[in-house]
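What follows is a single structure, written as structure tokens, with notes after it.
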Amino acid sequence: MQTTEQLKALLYKNETVADTAPEALAAAQEFCEGYKTFLDNAKTEREATAYSEKLLLDAGYRAFVPGQKLEPGAKVYAINRHKCVLAATIGTKPLEQGFHLNIAHIDSPRLDLRPVPVFEKEGLGYLRTHYYGGVRKYQWPTIPLALHGVICRADGSKVEVCIGENENDPVFCITDLLPHLSAKQNEKKLSEGIAAEDLNVLIASQPIADKEAEKRVKLNILGMLHEAYGITERDFTRAEIEVVPAFKARDIGLDRAMIGAYGHDDRVDAYPALMAEIGVQAPAYTTVCVLTDKEETGSDGVTGLNSMYTFHFLQQLCAAQGADYITACKAAKCLSADVTAAYDPTFADAFEPDNATYAGRGVAIYKYTGSRGKSGTNDAPAELVSYLTSLMDRSGVVWQIGEMGKLDLGGGGTVAKYVANQDIDTIDIGVPVLSMHAPFEVVSKADVYMAYRTFKAFCEDAD
Ligand code: MN
Ligand code: MN
């Protein structure tokens, strides 16, 4: 006969970090100060890459030179086309015994400028946008916006643009209809209330002095841009300008236990993964951290995980050490990090509470993702889940496991399958996010810290 206490011990418990590891809360606060700075300096994949490279160089990483033999403890990095980061620390074990790979993405949903963006209507000047990733369009009007990106000029020179981040900068915005006149708009479905063609960024309203001229506001815009950046309208065709929220990362709540910011998805995993990689000294297994681009549009393209760039790097790493690449992949393990949906009591209908992941209850594990019948998923083998959960338990990491929400409401994928498809054991983990993909997303600091502790334990694992 078992007592109630004995029976209770059989239960899977999904508890808060505050209850199970209260001593971690102060460390989480401290860790997240660095994370907020990262967020404010890394609102685009290019900025995240540049800022990460600076952190790597400060930590003593050297540019990876293919063919150069590296000693255990050596730290090297490579950058893929200004948009992806690859960093590695050479382990004491030969690469044929496997490497430990931490991957996250540094692109976020946003509005991109179209190739010919500037237009004028009734005295107001706008920039036309094309949304990038899973954007809920109604969330983007009436918030302050900033412009970030690069413009390549005809002569091949490149100019960086960042307007709206400095206190003295102007900001931009998308307008919405006043409630007094919105009766017709209110009848529309939420998904249609604001259309893609409505996402026009207000950029100016003053015409040039010449009353005889046409498109006087547009001419004024082009004149100001030419003065500031030496660019013409034609140069927008070879530009990558991203429209992102102009606000900075802020603590949320009287207890300051959460962070509200643009772009948690997926910098909230990228920063902890990078910090763990930077911190590891002389690991047993070679550690590799990849911060990738293009996850939000399906990972295609030369900077997406569907490209060979990560696997070329791994191949060259193996070649330099005289290790067989295929053997190394078969023995390798990968934590594919991406945010998960945090259970939102306001929208409880969308979740199945027993299998939801919650803000403040530690890093989340997803054995599988995908839609409908797990379509498009990497379904991590039970043996790998077992490896990871025992590593986390040994390392004092608070974790939870779940799925995105109720079945058949939607779903989503991550880069995990693209790594697993290369014969590398891969599992999804990540930080739960409230209001995922919104201009202002919310995470729990305790979960950010537990993600860091997970990457750290994985980097340091010697078994
Ligand atoms: Mn993501
Ligand atoms: Mn996403």
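The values are calculated or read from the model by the stated rules, or taken from the named source; none is laboratory data. Keep in mind it's a predicted model, so treat the numbers as computed, not measured. Note that we place each Cβ from the backbone using ideal geometry, even for glycine, and neighbour counts take in every protein chain shown. Protein only, heavy atoms only, side chains kept; ligands, DNA and RNA dropped before computing areas. Shrake-Rupley method; radii C 1.70, N 1.55, O 1.52, S 1.80 Å.
Structural remarks
- The stretch 330-385, subset β-branched (V, I, T), surrounded by 24 or more Cβ atoms within 10 Å (Cβ to Cβ) and outside any loop (DSSP other than H, G, I, E, B), residue farthest from the chain's Cα centre (by Cα): T357
- Cβ separations smaller than 8 Å between residues 6+ apart or across chains give the following pairs from the stretch 394-414 residues that are part of a loop (DSSP other than H, G, I, E, B) to residues that are within 16 Å of ligand 1 (Cβ to nearest atom) and of a type in the set (D, E, K, R): T414/E295; T414/D338; T414/D428.
- Qualifying residues in the stretch 90-114 (those that are within 16 Å of ligand 1 (Cβ to nearest atom) and in a loop (DSSP other than H, G, I, E, B)) - the one farthest from A319 (Cα to Cα): P109
- Residues that are buried (at least 22 other Cβ atoms within 10 Å of the Cβ) number at least 2 in the following strands (runs of 3 or more DSSP E) confined to the stretch 213-303: 239-245, 258-261, 286-292.
- Sub-7 Å Cβ pairs linking a first residue in the stretch 326-343 that is farther than 28 Å from G91 by Cα to a second residue that is more than 16 Å from ligand 2 (Cβ to nearest atom), at least 6 apart or interchain, are A342/Y358; A342/A359; Y343/F351; Y343/P353; Y343/A356; Y343/Y358, ordered by first then second residue.
- Scanning the stretch 80-134 for residues that are more than 16 Å from ligand 2 (Cβ to nearest atom), under 12 Å from L291 (Cα atoms) and of a type in the set (V, I, T) turns up just one, V85.
- Checking each residue of the stretch 116-123 against the condition of being assigned to a strand (DSSP E or B), surrounded by fewer than 17 Cβ atoms within 10 Å (Cβ to Cβ), under 23 Å from the mean Cα position of the chain (by Cα) and not basic (K, R) gives no match.
- Across the stretch 413-427, the number of residues qualifying as within 11 Å of ligand 1 (Cβ to nearest atom) and touching a Leu at 6+ places or on another chain (Cβ under 8 Å) comes to 1.
- For the stretch 126-146, filtering for residues that are assigned to a loop (DSSP other than H, G, I, E, B) and small (G, A, S) leaves 2.
- Count - residues of the stretch 274-302 that are within 25 Å of I252 (Cβ to Cβ) and away from ligand 2 (no atom under 16 Å from the Cβ): 3
- Members of the stretch 66-78 found to be open to solvent by 70 Å² or more (accessible area, probe 1.4 Å) and not polar (S, T, N, Q), listed by number: P66, K69, E71, P72
Quick grid of which residues meet (1) open to solvent by 20 Å² or more (accessible area, probe 1.4 Å); (2) within 18 Å of the chain's Cα centre (by Cα):
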residue: N14; (1), (2): yes, no
residue: A18; (1), (2): yes, no
residue: A21; (1), (2): no, no
residue: L25; (1), (2): yes, no
residue: G34; (1), (2): yes, yes
residue: T37; (1), (2): yes, yes
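- Residue match in the stretch 86-94 (condition: of a type outside the set (F, W, Y), crowded, with 23+ Cβ neighbours inside 10 Å and closer than 30 Å to A195 by Cβ): no
- Residue ID - nearest to ligand 1 (Cβ to nearest atom), chosen from residues in the stretch 304-328 that are in a loop (DSSP other than H, G, I, E, B) and surrounded by fewer than 23 Cβ atoms within 10 Å (Cβ to Cβ): N306
- Search result, residues across the stretch 304-341 that are away from ligand 2 (no atom under 16 Å from the Cβ) and among the hydroxyl-bearing types (S, T, Y): S307, Y309, T310, Y325, T327
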